[in-house]
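Below is one structure, written out as structure tokens, with a few remarks after it.
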Amino acid sequence: MSDYKDFTVVLPTLNEEATIGVLIKKLAGALDGVNIVVVDDGSGDGTRKAVESFRPSSGKVSFIDRKAMGCRPGLTASVSDGILGSTTKYAIVMDADLQHPPETAKRIADALRKGNGLAVAIRADVRKWQLYRKVISKSLITLGYAVLVLRGSERCSDIFSGFFGIDRSLFKKAYTSNKGRFVGGGYKVLFDFLKCNRSGSLRIAEIPYSFGVRRHGTSKAGMKQGLYLLESFLK
């Protein structure tokens, strides 16, 4: 197939006015006919205006205002709403701050079309991270991996990746059967999905990429998100 009409790219946002328009344009150029859904969690800037001003030549771009709908905020909840609310065969999840390269989304899409149920972008190179962030990240990944091993759950080389593609039917099955194990306020939806699947039950492709430098905005990760992650370990 030459187009990507069977894919929806899910972009969770919170104050991404500076990058969302650029990202949507690049995605539409790389994935002809792709559907893009921006799932917003209460942005106070011009994120919505930037999204609604873009008119692709093919595919469609939609905006979901979760705050206006009275939804509980949270990245995992936003991503889950975006995936479950779309109607295409596949979904690709990525950040809207341009740290996830749009060209890698095409490689993810092609990996899914080859029969993989899950295609995970693996952070092979993380640029300009401070030492303390590397130590904290490595420690949490090690702990999370141990949780998956002890539970006999599925796993991959980057269990906390926020950049992945999935057969929507697999996500829907895992979510509807284990809704209480998905920590809506958290930000590691891939980890929540993996822990709900038995080891060896999924065909997984891994796609290495260089994690980009944040040029706009600030990271949403903090102590609160760390507590949500620990909650996810226990569920």
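The values are calculated or read from the model by the stated rules, or taken from the named source; none is laboratory data. This one's a predicted model, so the numbers in the text were calculated from it and none came from an experiment. With ideal geometry, Cβ positions are generated from the backbone for all residues, glycine too; neighbour counts draw on all protein chains shown. Calculation scope for accessible area: heavy atoms of the full protein, side chains included, ligands and nucleic acids excluded. Shrake-Rupley method; radii C 1.70, N 1.55, O 1.52, S 1.80 Å.
If you wrap the Cα atoms of the chain in a convex hull and average its projected area over all directions, you get 11.8 nm².
In segment 53-149, one over the average inverse separation of all distinct C-alpha pairs is 16.7 Å, which is the Kirkwood hydrodynamic radius. When the helices of the chain are scored as -39500 (n - 2.57) per DSSP H run of n ≥ 4 and the total is divided over every residue, the value at 222 nm lands at -12000 deg cm²/dmol.
Think of each Lys and Arg Cβ as +1 and each Asp and Glu Cβ as -1; about the Cα centre, that makes the dipole of segment 10-150 roughly 380 debye. Of the heavy-atom accessible surface of the chain (probe 1.4 angstrom), what whole percent is carbon and sulfur? Here carbon and sulfur together make up 53 percent of the probe-accessible area.
Taking label points 7 Å from Cα along the Cα-to-Cβ direction, residue 198 and residue 3 give a separation of 4.0 nm.
Put a plus charge on the Cβ of each Lys and Arg, a minus charge on the Cβ of each Asp and Glu, and nothing anywhere else: the dipole of segment 49-100 about its Cα centre is then about 160 debye.
When a/c reaches 1.5 or more, the comparison of a/b and b/c decides; with that in mind, is segment 46-104 rounded, prolate or oblate per its Cα gyration tensor? Verdict is rounded for segment 46-104.
May I ask you to list, by number, the DSSP H helices of the chain whose Cα span along the axis is at least 27 Å and whose average Kyte-Doolittle hydropathy reaches -1.0 or more?
The answer, listed by residue number, is 131-151.
When both segment 27-50 and segment 73-96 are represented by their alpha-carbon centers, they are found 12 Å apart. Of the residues 36, 141, 21, the one whose Cα sits farthest towards the positive end of the charge dipole of the chain is 141 (charges of +1 on Lys and Arg Cβ, -1 on Asp and Glu Cβ, taken about the Cα centre). In the elastic network of the chain, a GNM with C-alpha springs shorter than 10 Å, the most mobile of 63, 182, 171 is 63. Highest GNM mean-square fluctuation among 40, 192, 65, for the chain modelled with Cα contacts below 10 Å: 65. Note on residue 106: lysines with a C-alpha under 23 Å away, same-chain residues under 8 apart excluded, are 5, 25, 26, 60, 89, 114, 172, 188.
Ratio of Rg to Rh for segment 1-105: 0.93 [Cα atoms; Kirkwood radius as inverse mean 1/r over pairs]. For the chain, the dipole from Cβ point charges (+1 on Lys and Arg, -1 on Asp and Glu) about the Cα centre works out to 500 debye, to the nearest 20. Calculated FRET efficiency, residue 224 to residue 157, Cβ-Cβ distance, R0 = 25 Å: about 0.40 to the nearest 0.05.
For the chain, the per residue solvent-accessible surface stands at 48 Å², with DNA, RNA and ligands left out and a 1.4 Å probe.
Test of understanding: in a Gaussian network model of the chain with alpha carbons linked when under 10 Å, which of 41, 125, 110 would top the mean-square fluctuation ranking? Highest fluctuation of the listed residues: 125.
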